[in-house]
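The values are calculated or read from the model by the stated rules, or taken from the named source; none is laboratory data. All figures in this text were calculated on a predicted structure; none of them were measured in a lab. In this analysis, Cβ positions are derived from the backbone assuming ideal geometry, glycine residues included, and neighbour counts consider all displayed protein chains. Note: areas computed on protein heavy atoms with side chains; ligands, DNA, RNA excluded. Shrake-Rupley method; radii C 1.70, N 1.55, O 1.52, S 1.80 Å.
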Amino acid sequence: MEEAAMIPGRSSIEALITGKVFMGEIGAFFPVSMTLRGDEFAAVFMMRASQLGHRTTGPYTPDRPPADAMNWAQLRTGIGMAGRFPSFRIDASGLWPRIHVELLGTAVRGLIVMPEEVTAESVNAPYLGEWQEQISSTVRIALDWITGWLTACHHQAGGTEPSVDLDLVYRPDDDYETGLSQVDERLRELIPPVRPVLELRWRSVSPAQRKAFAKNLKGARRIGTRSDRRLSCRIGGIELEVPG
């Protein structure tokens, strides 16, 4: 049994359920990154410039605050997200404002950055564009499946609820150009030029739970080196990798 400290009353499953809903209700923004560390869920989102109205740029001062980010946060203050109330904090120390979001009573956090801060290189893509709009829903669908599989393996195998780490990463897609040539030209902007991957690692799990979880990975293939064997399984438009 692999052991890891957990905060009483919180779990990976609970954090995934809350985090998935949070991702949608905050605005279904493009997730630049997403991590789960046991019961702590955090994501970095790219703001849509169209949601801010008149844009501001730094340097900011008390007399010249980032009104666009402040107004966006004020409109959402007091409105529940994922069954919790959000707390907002604006970081105005740079050229562009950053919006920190915390769901009170949880370990779910978000950081919303302006589109000017996100580069194609930061997500291993040749360019940014319309393809980003579908990634949030793709990730949330996968999180829903993973949550269900974790819940099922716990019920089937018993024991303490399993705990996991999870990372969303973007990898270059070597087959992108080939796939693009097979798609109608009007739809090509919607095809991601990267491979979104969710990397799962076990923090605390029993052998029986791992076995029960693996049964859900239909059509999984073995990848990695001899010292780092993993199972790779597609969930819609995303890949899930699990220690094999």
Completion exercise
Within the range 191-229, residues closer than 19 Å to D173 by Cα and among the charged types (D, E, K, R) come out as R195, E199, R221, R222
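Considering only residues of the range 42-67 that are part of a strand (DSSP E or B) and without any contact (Cβ under 8 Å) to a residue 24 or more places away in the chain, which is least open to solvent (accessible area, probe 1.4 Å)?
Taking the range 42-67 as the starting set, the residues that turn out to be part of a strand (DSSP E or B) are 42-46, 61, 64.
With without any contact (Cβ under 8 Å) to a residue 24 or more places away in the chain added as a condition, the list becomes 61, 64.
Details: T61: 71, R64: 112 Å².
Among those that are part of a strand (DSSP E or B) and without any contact (Cβ under 8 Å) to a residue 24 or more places away in the chain, it is T61.
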Exercise for the section: Report whether or not L95 is under 30 Å from P62 (Cα atoms), out of contact with any helix residue (DSSP H, G or I) (no Cβ under 6 Å at 6 or more places or on another chain), assigned to a loop (DSSP other than H, G, I, E, B) and not β-branched (V, I, T). Expected result: yes
Fill in the blank from the handout: The number of residues in the range 98-122 that are outside any loop (DSSP other than H, G, I, E, B), within 23 Å of A15 (Cβ to Cβ) and not charged (D, E, K, R) is 9
Practice task
Test each condition in (1) at pLDDT 95 or above; (2) assigned to a loop (DSSP other than H, G, I, E, B) for T35 and report the one that comes out false.
Solution key: (2)
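Out of the residues in the range 112-122 that are closer than 25 Å to I235 by Cβ and out of contact with any Pro (no Cβ under 9 Å at 6 or more places or on another chain), which is surrounded by the fewest Cβ atoms within 10 Å (Cβ to Cβ)?
To start, the set of residues in the range 112-122 that are closer than 25 Å to I235 by Cβ comprises 118, 120, 122.
Checking the rest, the ones that are also out of contact with any Pro (no Cβ under 9 Å at 6 or more places or on another chain) come to 118, 122.
Numbers: V118: 18, S122: 14.
Per the criteria, the residue is S122.
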